[in-house]
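Encoded as C-alpha cells, the structure appears first; notes follow it.
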Amino acid sequence: MIPQTDPRANYLAHKAEIDQAIEQVLLGGRYILGEPVAAFEQEFAAYLGTRYAIAAGSGTDALHLALRACGVGPGSCVFTVSHTAVATVAAVELAGAQPVLVDIDPATFTMDPQRLEDALNHAAGAFGSARRVRSARRGAILPVHLYGHPADMAAINELARRYDLWVIEDCAQSHGAEIANCKLQTPALAPKRSAGASVADCRGRKTGTFGDIAAFSFYPTKNLGALGDGGAAATNDAELAEQVRLLREYGWRERYVSAIPGLNSRLDTLQAAILRVKLRYLDAENARRRDLAQRYTTRLAGTGLRLPVARPGVTHVYHQYVIRSTRRDALQAYLRSLGIGTLIHYPAPVHAQPAYAGRLPIGAGLPETEAAAGEILSLPIFPELSAEQADKVAEAIAGFAD
C-alpha cells in the first residue's frame with residue numbers, strides 16, 4: 001500500500017531527536033506552556049520573518065484568536081473561500097462574524113481577486129457605499145494559501161487598503177511557501193500599527209507575513225506537523241500579538257486575574273518540543289515535496305489531466321499535489337485497487353455542507369469552486385515517499401488514462 005500521507009514516517013525519520021525532546025519535557029515537570037513553548041514561538045517567528053508568533057491549541061483556535069484580536073466579531077463580514085477546510089469558516093463563526101464566500105482561481109485553487117472585488121462591490125452596494133464598509137473597520141479578508149500555493153497577496157492587499165479591511169492569512173497548508181518580487185505593502189489600518197513592509201523588503205517573503213496577522217495549523221499531516229493538535233498566530237503588530245496572548249489563556253496578564261474575557265487554547269509543551277525538532281527540517285522537506293511534485297508533473301504530462309501549477313514568483317510547498325479529472329471517482333477506485341491511496345481535499349465546498357447550506361452569503365456565485373469539488377484528487381505526497389513509489393503512482397495513472 002502506498003498511503004496518501006504518512007505522519008508516522010515523518011516521526012520515524014526524526015525519532016531519536018523527537019524522543020529525546022519528549023523525555024526532556026517529561027523530566028522537566030512543566031507540561032503547559034513553559035520554556036519549550038516560548039522557545040518554539042521565538043524560533044517559528046524567526047523562521048517566518050515576523051516579530052511575534054503565539055502558539056495555540058489548534059489551527060482553528062489560532063484563526064479564531066486572530067479574528068478576535070482584530071476586533072472581528074458580531075456585525076463583521078469576513079470575505080473568504082468555500083473551497084477550504086471547514087475550519088476556516090468555523091473559526092469565522094466562532095468569532096461571531098459573518099462569512100462571505102468568494103470564488104477561486106481554477107488554476108491555483110486560491111481566492112480569485114477579481115471575484116473578491118465583485119463581492120466587495122456588492123457589499124458596498126448593500127451597505128449603501130464603500131465608505132460605510134470602510135467606516136466599520138471591523139471586516140476582514142481571509143485568503144487561504146490552499147495546498148501550499150500562496151494566494152495573490154498583492155491584489156488582495158490592494159483591495160484591503162481600498163476598503164480598509166483587515167487581512168488575516170490562513171496558512172494552515174503553506175508553512176514555508178514564499179512570494180517573491182511581490183511589490184506590495186502589508187495593510188495597515190491604524191496609525192499605531194507596527195505591521196507593514198516597504199516595497200523594497202518584500203522579496204522572497206514567506207506566507208504569514210503579508211497580512212495583519214496569520215494563522216498556522218500543526219495538525220500531524222501538515223508540512224510542519226506535531227504529533228497531536230496545535231497552531232500559532234504570527235504577526236508584526238505588537239498590539240495584536242498581545243491580544244492573542246491574552247485571549248489564549250483566559251485574558252490573564254497575571255495568573256488567575258482576567259484582564260479581558262478569554263478562552264483556553266494553549267499549545268502542549270510536548271508538542272512545542274516536537275515542533276522545535278521538526279522545524280529544523282522543514283525547508284529540506286519542502287524541497288523534497290517540490291522534487292516529488294516535479295516528478296509527477298513530468299510523468300503525468302500528456303495524460304489529459306489538469307496538473308498543479310505554480311504562479312510565477314511563488315514558491316509552492318505542495319502540502320498536497322492535486323490533479324483534476326472528469327473521471328475522478330473512477331480513477332480513485334482504480335488506484336485503490338492497485339494499493340495506491342488518494343484523498344479528496346475537499347469533496348464538498350463549505351457552502352454545500354449540511355451545516356452551512358443555504359445560510360452563507362455567496363459573493364458573486366461559486367462556479368469554479370463547485371466545478372473543482374467534482375474533479376480534484378490528492379495524490380500521495382510526503383517527504384518520505386520514495387521516487388520509486390511516486391513513479392508507480394504516475395505509471396498507474398498513465399495506465400488508467402490509456
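The values are calculated or read from the model by the stated rules, or taken from the named source; none is laboratory data. Everything quoted here is computed from the prediction, not taken from an experiment. All Cβ positions, glycine included, derive from the backbone under ideal geometry; neighbour counts span all protein chains shown.
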Testing ILE18 on (1) under 18 Å from ALA172 (Cα atoms); (2) over 19 Å from the mean Cα position of the chain (by Cα); (3) not polar (S, T, N, Q), one condition comes back false. Which one is that?
(1)
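Have a look at SER58, SER76 and point out the one that is touching a Lys or Arg at 6+ places or on another chain (Cβ under 6 Å), of a type in the set (S, T, N, Q) and touching a residue at least 12 places away in the same chain (Cβ under 8 Å).
Among SER58, SER76, only SER76 is touching a Lys or Arg at 6+ places or on another chain (Cβ under 6 Å), of a type in the set (S, T, N, Q) and touching a residue at least 12 places away in the same chain (Cβ under 8 Å).
Considering segment 100-111 alone, what residues qualify as being surrounded by fewer than 24 Cβ atoms within 10 Å (Cβ to Cβ) and either more than 18 Å from ASP170 (Cβ to Cβ) or not β-branched (Val, Ile, Thr) (or both)? Break it down stepwise before answering.
The first filter runs over segment 100-111 and keeps only residues surrounded by fewer than 24 Cβ atoms within 10 Å (Cβ to Cβ), leaving 100, 105-108.
Scanning segment 100-111 gives ASP105, PRO106, ALA107.
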Positions within segment 1-45 being among the β-branched types (Val, Ile, Thr) and either within 30 Å of GLY339 (Cβ to Cβ) or surrounded by 13 or more Cβ atoms within 10 Å (Cβ to Cβ) (or both), in sequence order
ILE2, THR5, ILE18, ILE22, VAL25, VAL37
For segment 69-86, which positions are of a type outside the set (S, T, N, Q) and surrounded by fewer than 23 Cβ atoms within 10 Å (Cβ to Cβ)?
GLY71, GLY73, PRO74, GLY75, ALA85, VAL86
Residue, surrounded by the most Cβ atoms within 10 Å (Cβ to Cβ), within segment 338-372, restricted to residues that are in a helix (DSSP H, G or I) and out of contact with any strand residue (DSSP E or B) (no Cβ under 6 Å at 6 or more places or on another chain)
VAL350
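Here is a yes/no grid of residues against (1) under 30 Å from ILE18 (Cβ atoms); (2) in a loop (DSSP other than H, G, I, E, B); (3) among the β-branched types (Val, Ile, Thr):
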| residue | (1), (2), (3) |
| --- | --- |
| ASP229 | yes, yes, no |
| GLU242 | no, no, no |
| ILE260 | no, yes, yes |
| ARG266 | yes, yes, no |
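Yes/no per residue for (1) surrounded by fewer than 19 Cβ atoms within 10 Å (Cβ to Cβ); (2) outside the structural domain of ALA62 (by TED's automatic domain parsing); (3) within 19 Å of THR60 (Cα to Cα); (4) of a type in the set (S, T, N, Q):
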position	(1), (2), (3), (4)
TYR219	no, no, yes, no
ASN223	no, no, yes, yes
LEU227	no, no, yes, no
GLY231	no, no, yes, no
GLN243	no, no, yes, yes
LEU246	no, no, yes, no
GLY251	yes, no, yes, no
ASP268	no, no, yes, no
Condition (residue is assigned to a helix (DSSP H, G or I), under 21 Å from ASN236 (Cα atoms) and of a type outside the set (A, V, I, L, M, F, W, C)) applied to segment 6-20: is it met by at least one residue?
no
THR84 within 22 Å of HIS345 (Cα to Cα), β-branched (Val, Ile, Thr), assigned to a strand (DSSP E or B) and at pLDDT 95 or above:
no
Within segment 282-316, how many residues are outside any helix (DSSP H, G or I), surrounded by fewer than 17 Cβ atoms within 10 Å (Cβ to Cβ) and in contact with a Leu (Cβ under 9 Å, 6 or more places away or on another chain)?
2
Check VAL277 against each of (1) over 21 Å from VAL393 (Cβ atoms); (2) touching a strand residue (DSSP E or B) at 6+ places or on another chain (Cβ under 7 Å); (3) β-branched (Val, Ile, Thr) and name the one condition it does not meet.
(2)
Inside segment 152-170, can you point out the residues that are out of contact with any helix residue (DSSP H, G or I) (no Cβ under 9 Å at 6 or more places or on another chain) and either surrounded by fewer than 22 Cβ atoms within 10 Å (Cβ to Cβ) or in a loop (DSSP other than H, G, I, E, B) (or both)?
ARG161
Hey, does segment 35-47 have a residue that's in a loop (DSSP other than H, G, I, E, B) and in the same structural domain as SER174 (by TED's automatic domain parsing)?
no
